[in-house]
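Report on the structure given below.
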Amino acid sequence: MLIEKDKSSLLIIDVQEKLVPVMPKPHTFIDNIIKLQKAANIFKIPITISEQYPKGLGKTIDEIKAHKYKTIIEKTNFSIIREGFFFEGQHIIICGIESHVCVLQTATDLAESDKKKVYIVQDAISSRYEKDYLSALSRLNKYSNIEIVSCEMVIFEWLRKSRTEEFKAISQLIK
């Protein structure tokens, strides 16, 4: 099943001031998150940002907050779903950190409770250690309603065709 922009919501999990510096190659996944944000804004897809205990871990980094988003949810549960948050769309695209904690727990809660289609953007998530990142992807891949995708897969599935105004804007993002 392809991702449908009219059914989508983008969730950016815990890309915070004290977490980002301990991630390997943070600009790689942050650049992809920003591409997803910009594309979501082009297509008017709602964006939710979560912050895990911002008092201790800091706020969302400025590079992410510089782009339009709908809301920031502060949480103490690792899963945003356990905070009682409800997502509008049926296709939930997830990016952020850490893969094996908040990303995994949110995705599995969504997959099990809401019966939504969940897409994990593998090049827009990270963990401090590669083994944790890989273990998270392995576990997530076992769910029938969770798919592992790339940033460009999401963007081009939202786009669907060239020769549109959106295509011109998107082509500037992925050059």
Could you please let me know if Y143 is of a type outside the set (D, E), surrounded by 15 or more Cβ atoms within 10 Å (Cβ to Cβ) and either without any contact (Cβ under 8 Å) to a residue 12 or more places away in the chain or not in a helix (DSSP H, G or I) (or both)?
yes
Members of the stretch 82-105 that are of a type outside the set (G, A, S), open to solvent by 30 Å² or more (accessible area, probe 1.4 Å) and either over 25 Å from H27 (Cβ atoms) or part of a loop (DSSP other than H, G, I, E, B) (or both):
R82, E83, F85, F86, E88, Q90, Q105
Restricting attention to the stretch 1-56, which residues are open to solvent by less than 70 Å² (accessible area, probe 1.4 Å), among the acidic types (D, E) and more than 13 Å from I125 (Cα to Cα)?
E4, E51
Across the stretch 57-67, what is the total count of residues that are closer than 19 Å to F85 by Cβ and open to solvent by 80 Å² or more (accessible area, probe 1.4 Å)?
1
Which of (1) under 19 Å from L10 (Cα atoms); (2) of a type outside the set (S, T, Y); (3) open to solvent by 30 Å² or more (accessible area, probe 1.4 Å) does K131 not meet, given it meets every other one?
(1)
Condition check: among the small types (G, A, S) and over 20 Å from K131 (Cβ atoms). Does A111 satisfy that?
yes
Scanning the stretch 13-50 residue by residue, the ones that are in contact with a helix residue (DSSP H, G or I) (Cβ under 6 Å, 6 or more places away or on another chain) and either in a strand (DSSP E or B) or of a type in the set (F, W, Y) (or both) total 5
Only one of (1) in contact with a helix residue (DSSP H, G or I) (Cβ under 7 Å, 6 or more places away or on another chain); (2) part of a helix (DSSP H, G or I); (3) more than 27 Å from Y129 (Cα to Cα); (4) not acidic (D, E) does not apply to H67, and that is (2)
State whether the residues of the stretch 151-166 include one that is of a type in the set (S, T, Y), open to solvent by 20 Å² or more (accessible area, probe 1.4 Å) and assigned to a helix (DSSP H, G or I).
no
Close pairs (9 angstrom Cβ cut-off, 6 or more residues apart or separate chains): under 22 Å from I155 (Cα atoms) and at pLDDT below 95 in the stretch 114-134, buried (at least 24 other Cβ atoms within 10 Å of the Cβ) and of a type in the set (S, T, Y) anywhere:
none
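The values are calculated or read from the model by the stated rules, or taken from the named source; none is laboratory data. Keep in mind that this is a model prediction, so the values were computed, not measured. Cβ atoms come from the backbone with ideal geometry, glycine included; neighbour counts cover every protein chain shown. Heads up: the accessible areas ignore ligands, DNA and RNA and are worked out on the full protein's heavy atoms, side chains in. Shrake-Rupley method; radii C 1.70, N 1.55, O 1.52, S 1.80 Å.
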